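Working notes for the structure below.
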């Protein structure tokens, strides 16, 4: 169902450890003012798992791509954009820093 409405499609194999993390992130997202920090090795599927958890929690995803020249002012502007999106849709919003 997620792959039908989103691009690119998520091709995932969910094992027990991944399902544990998925349920934890989903639970945190559904809490009032819930937030979490996911840390891990690059390429381990953190972003994919977070996208899936946000989808199941009916949250939007706001992605920030870090690049050279990205500074505090850029981050504050991204927070403004994210907050405006959240207010317009009246749903929770999940931010991913890449």
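The values are calculated or read from the model by the stated rules, or taken from the named source; none is laboratory data. All values reported here derive from a predicted model rather than from experimental measurement. A quick note on method: Cβ atoms are made from the backbone with ideal geometry, for glycine too, and the neighbour counts reach across all protein chains shown.
Miscellaneous remarks
- Residue 43 meets the conditions (1) in a loop (DSSP other than H, G, I, E, B); (2) closer than 19 Å to residue 58 by Cβ in every case but one. The failed one is (2).
- Tally, over region 15-38, of residues that are in contact with a helix residue (DSSP H, G or I) (Cβ under 8 Å, 6 or more places away or on another chain) and either part of a helix (DSSP H, G or I) or exposed (fewer than 12 other Cβ atoms within 10 Å of the Cβ) (or both): 7
- Pair list, Cβ under 9 Å, 6 or more apart: region 4-19 residue closer than 15 Å to residue 44 by Cα, other residue assigned to a loop (DSSP other than H, G, I, E, B): 12/45; 18/12; 18/45
- Positions within region 29-53 being closer than 19 Å to residue 8 by Cα and either at pLDDT below 75 or under 10 Å from the mean Cα position of the chain (by Cα) (or both), in sequence order: 46, 47, 48, 49, 50, 51, 52, 53
- Note on region 1-11: residues that are assigned to a loop (DSSP other than H, G, I, E, B) and touching a helix residue (DSSP H, G or I) at 6+ places or on another chain (Cβ under 6 Å) amount to 2.
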